Amino acid sequence: MKKSRGFTLIEVSLVLLIVAFTLSSLLTPLGSKLEEKSINEAKIQVKELKQSIINFVISNYRLPCPDTDLDGVEDFTGTNCTNVNGNIPYVTLRSPHAQDPWGQLFTYRVSSQLADMNNINACGTAPPSVSIAVCSANPAFAEGEINVFRYNASGVQQQAAIGVAAIVLSTGRNTGASGVAQDENIDNDADFVKTNYGGTNASVPFNDIVIWIPVNEIIAELINAEILP
């Protein structure tokens, strides 16, 4: 009777190697598709958050302050924002977007003079007791303090927008690494970088998703709502 021969260690190793290679080739495209889905979802979320902020301005005649204590509610110290840089106040905005697709809070920065509750009703519109910090009749009240930059194909920084009212951004997937563009968006100053997702303008691929709100867009919305002349 002929004895059956078992697999050798080398044969088993080769089979496992082939299986691992096959699974890897299948999972890599799947991972890319999932990441693409997350990116597209984040882009939709920041656009909807921008619209929520504009809707807030129409109802309150000012921009919302950032959330600084992680409860989703805007934070004030007296009549001023506790901090002009923080997270999106999703509860105040009644927005479902508390976190981006990667489970991180959205960063939100606002120009201080456009979000405070000081009564500077220079336009002479709306009830006199309501603070309108954005006024088409007085340019001094229609100037933001946030600047946005981008990099061109040669890696040279160029100005994309100046004096904007507010900015919302998702820092994308947390890679654990940093780069010039990535770091600029988390250093708590008024300068931000907008470039293509996956750009190579830093030591690691740039993956922040950035959107900003120009002052003139807010003014146009207030005029359309017949709040400003």
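Quick look at the values:
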quantity: Of residues in segment 139-186 being at pLDDT 80 or above and charged (D, E, K, R), the one surrounded by the fewest Cβ atoms within 10 Å (Cβ to Cβ); calculated: D183
quantity: Of the criteria (1) over 23 Å from I146 (Cβ atoms); (2) modelled with pLDDT under 95; (3) not hydroxyl-bearing (S, T, Y), which one G78 fails; calculated: (1)
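Residue by residue, here is whether (1) assigned to a helix (DSSP H, G or I); (2) under 24 Å from the mean Cα position of the chain (by Cα); (3) modelled with pLDDT under 90 holds:
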residue: G72; (1), (2), (3): no, yes, no
residue: G86; (1), (2), (3): no, yes, no
residue: V91; (1), (2), (3): yes, yes, no
residue: H97; (1), (2), (3): no, yes, no
residue: W102; (1), (2), (3): no, yes, no
residue: A122; (1), (2), (3): no, no, yes
residue: V130; (1), (2), (3): no, no, yes
residue: A133; (1), (2), (3): no, yes, yes
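The values are calculated or read from the model by the stated rules, or taken from the named source; none is laboratory data. It should be emphasised that the depicted structure is a prediction, and the values quoted were computed from it without experimental measurement. Counting neighbours? That spans all protein chains shown, and the Cβs are built from the backbone with ideal geometry, glycine included.
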